[in-house]
1. Hey, which of the helices (runs of 4 or more DSSP H) in the stretch A:58-162, taking only ones fully inside, have at least 3 residues that are within 21 Å of the chain's Cα centre (by Cα) and of a type in the set (A, V, I, L, M, F, W, C)?
2. Confirm whether B:V161 is within 14 Å of another protein chain (Cβ to nearest Cβ), touching a Lys or Arg at 6+ places or on another chain (Cβ under 8 Å), within 20 Å of B:Q219 (Cα to Cα) and not polar (S, T, N, Q).
3. Among residues belonging to the stretch B:251-277 that are of a type in the set (A, V, I, L, M, F, W, C) and without any contact (Cβ under 8 Å) to a residue 12 or more places away in the chain, point out the one that is farthest from the other protein chains (Cβ to nearest Cβ).
4. Kindly list the number of the only condition in (1) in contact with a His (Cβ under 8 Å, 6 or more places away or on another chain); (2) modelled with pLDDT of 90 or more that fails for B:T168.
5. Among B:A216, B:A277, B:A255, B:A268, which is of a type in the set (A, V, I, L, M), surrounded by fewer than 12 Cβ atoms within 10 Å (Cβ to Cβ) and assigned to a helix (DSSP H, G or I)?
6. Taking the conditions exactly as written (touching a helix residue (DSSP H, G or I) at 6+ places or on another chain (Cβ under 6 Å), of a type in the set (F, W, Y) and away from chain B (no Cβ under 12 Å)), does A:W203 satisfy them or not?
7. Here is a list: A:L85, A:L146, A:L95, A:L125. Which entry is within 8 Å of chain B (Cβ to nearest Cβ) and hydrophobic (A, V, I, L, M, F, W, C)?
Amino acid sequence: MTAYREVVVRTPLALKLLPILSVATFFIAWEIVVRTGVVPDTMLAAPTTVTQLLFDKFTNMDPDGALLHQHAWVSIQEAFGGYFLALAVGLPLGLAMGWFNVAEGLARPIFEIIRPIPPVAWIPLTIFWFGIGLPGKIFIIWLGGLVPCVINAYVGVKMTNPTLIQMARTYGASDWQIFKQLCIPSALPMVFGALQIALACCWTNLVAAELLAADAGLGFMITMGRRLAMPEMVVLGMFMVGLTGAFIGVIIDRVEKRLLAGIRR
Amino acid sequence: MSQEATCNAASSSIANETVGQVVDRGPLNLGRILTNRWFLHTVSIVAFFSLWDLLARSDVLGGGSSALARPHEVLEQLVVLTREELAELTLWGHVWASTQRVVVGFSIAAAIAVPLGLFMALNRYVNAVVKPLFDLLKPMPPISWISISILWFGIGETSKVFIIVLGTFVPCLLNAYNGVRLVEPELYDVVRMLGGKRRDEILHVCFPASFPAIFAGLQISLSIAWTCVLAAELVSARSGLGYIIVQGMNLSQPAMVIGGMAVIAAAAWGTTLLVTALERKLCPWKRKIAGL
């Protein structure tokens, strides 16, 4: 008899089947509800209609004036423009606010004034300033991504182990050296958390910005679907927004894993 | 002598490694004043408002007075709005209209999502049914539902409450779910060792330990609720703070737009304080986290 017994933990069959079953039921119920006319087809489109439109939109410009991948490409451009600008401004600002008292003293009050204002509320002012073109939308997305970047970088620096800082001081490190060699590396996991959160914020704000003022993009497609009373286009737009967002999220997750491979959490 | 003082300061804490609160008063020189926190805060706020005023008076942003209002004009506009009626409501009426929507939507979402999240974490069969559907709907931003909710419910109150419910549902559910899942397993072991049953585990370990996470979820969803109500009101409304902003935009009155933004910030801040106070009352065992 051996000292160790092998324990096999088996997932019950029901647990494997239930997820598939629940999604399948969802789609079938949706299809039936629309087909039988319980919900009128001016309010909701059946999944099959949406799928049809999906393939149709790759070749057909009507009625919103652009192909599906063109809409998606415009949205991705806007989202990434705002996202990278938010990272470029927010992360250094947050890191500096976490370590340098002067930076925190100067930036904190302004940040606290801006923070509670939802980025969506900036849309009218942005239209006054930039019109409805690309810069305006990038500005709104930038505002949305900025707040999580600053907060996460700030908290990341603040969570640096104080013992390490005291040790570095004992060995005569300057403020700048401590910041560069201790605070930034220890804030990295939080910073990468910010990448994901900021992306989600940017993507939400993108839709908001495009709902109000745009002439292309996925959010614009949703609005056009409502104006033309085409629920299949609204649903397709929503699914594309969700799908693209989830896809970008997965890519960032991969990048994060690759870059953070050597760092202990 | 000085060592004694340090010891006294440190003796109030439990660990022997903590740094005592020793305030050393150096001479009052220029550098010390310049790096004082309150001095810097004042400088920053004064600089912010004067820069704003300067921008509003100059023509940098284009469009002159229709691009940005001066700070005192915003204040005057707000005072006017509290006295005169805009679409049959004063400023307080609009604040109340928005707050009502947020409170109703937020309560509905919290009442459904938190128990559902707890249930999903406690029972893996419920989890297997609900999780895939939730994962399917989660990546769609709540704002993208605005169009379809207008198709379904028209432009009345229902569609706005629906958006808020959808937006606040996700963080409420996720935090309740993760709050239970991330409970330290040692705590369960303790209860089991003391002879507790499954019911004791849930009542005395799961719920208290997941409370802080649930409240963090409520805080997040509250700020999302304000974003959602605003977006819904910007698209279509006859009352609410979003309506004030839209009116300001249509009339080209930046003072009204900025006034509306300021009131929203204040309202969002107020509701956040309320939830924080509630949290302190309901779960005093939560650890204090320094910083933000």
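The values are calculated or read from the model by the stated rules, or taken from the named source; none is laboratory data. Bear in mind the structure is a predicted one, so any value in this text is a computation, not a measurement. Cβ: placed from backbone, ideal geometry, glycine included. Neighbour counts: every protein chain shown.
1. Working: elements: A:68-99, A:101-114, A:123-130, A:134-158.
So the answer is A:68-99, A:134-158.
2. Numbers: within 14 Å of another protein chain (Cβ to nearest Cβ): no; touching a Lys or Arg at 6+ places or on another chain (Cβ under 8 Å): yes; within 20 Å of B:Q219 (Cα to Cα): yes; not polar (S, T, N, Q): yes.
Answer is no for this residue.
3. Going through the stretch B:251-277, the residues of a type in the set (A, V, I, L, M, F, W, C) turn out to be B:251, B:255-258, B:261-269, B:273-275, B:277.
Restricting the remaining residues to those that are without any contact (Cβ under 8 Å) to a residue 12 or more places away in the chain gives B:251, B:265-266, B:269, B:273-274, B:277.
On the way: B:L251: 11, B:A265: 4, B:A266: 8, B:W269: 5, B:L273: 11, B:L274: 14, B:A277: 17 Å.
The extreme case among them is B:A277.
4. Checking B:T168 against (1) in contact with a His (Cβ under 8 Å, 6 or more places away or on another chain); (2) modelled with pLDDT of 90 or more, the one that fails is (1).
5. Values: B:A216 fails: surrounded by fewer than 12 Cβ atoms within 10 Å (Cβ to Cβ); B:A255 fails: surrounded by fewer than 12 Cβ atoms within 10 Å (Cβ to Cβ); B:A268 fails: surrounded by fewer than 12 Cβ atoms within 10 Å (Cβ to Cβ).
Every option except B:A277 fails the conditions.
6. Details: touching a helix residue (DSSP H, G or I) at 6+ places or on another chain (Cβ under 6 Å): yes; of a type in the set (F, W, Y): yes; away from chain B (no Cβ under 12 Å): no.
Criteria not met by A:W203.
7. Values: A:L85 fails: within 8 Å of chain B (Cβ to nearest Cβ); A:L146 fails: within 8 Å of chain B (Cβ to nearest Cβ); A:L95 fails: within 8 Å of chain B (Cβ to nearest Cβ).
Exactly one of A:L85, A:L146, A:L95, A:L125 is within 8 Å of chain B (Cβ to nearest Cβ) and hydrophobic (A, V, I, L, M, F, W, C), namely A:L125.
Okay, residues lined up against (1) within 11 Å of chain A (Cβ to nearest Cβ); (2) surrounded by 23 or more Cβ atoms within 10 Å (Cβ to Cβ); (3) without any contact (Cβ under 8 Å) to a residue 60 or more places away in the chain:
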| position | (1), (2), (3) |
| --- | --- |
| B:T90 | no, no, yes |
| B:H94 | no, yes, no |
| B:A109 | no, yes, no |
| B:A113 | no, yes, no |
| B:A121 | no, no, no |
| B:V126 | yes, no, yes |
| B:P132 | yes, no, yes |
| B:L136 | yes, no, yes |
| B:W145 | yes, yes, yes |
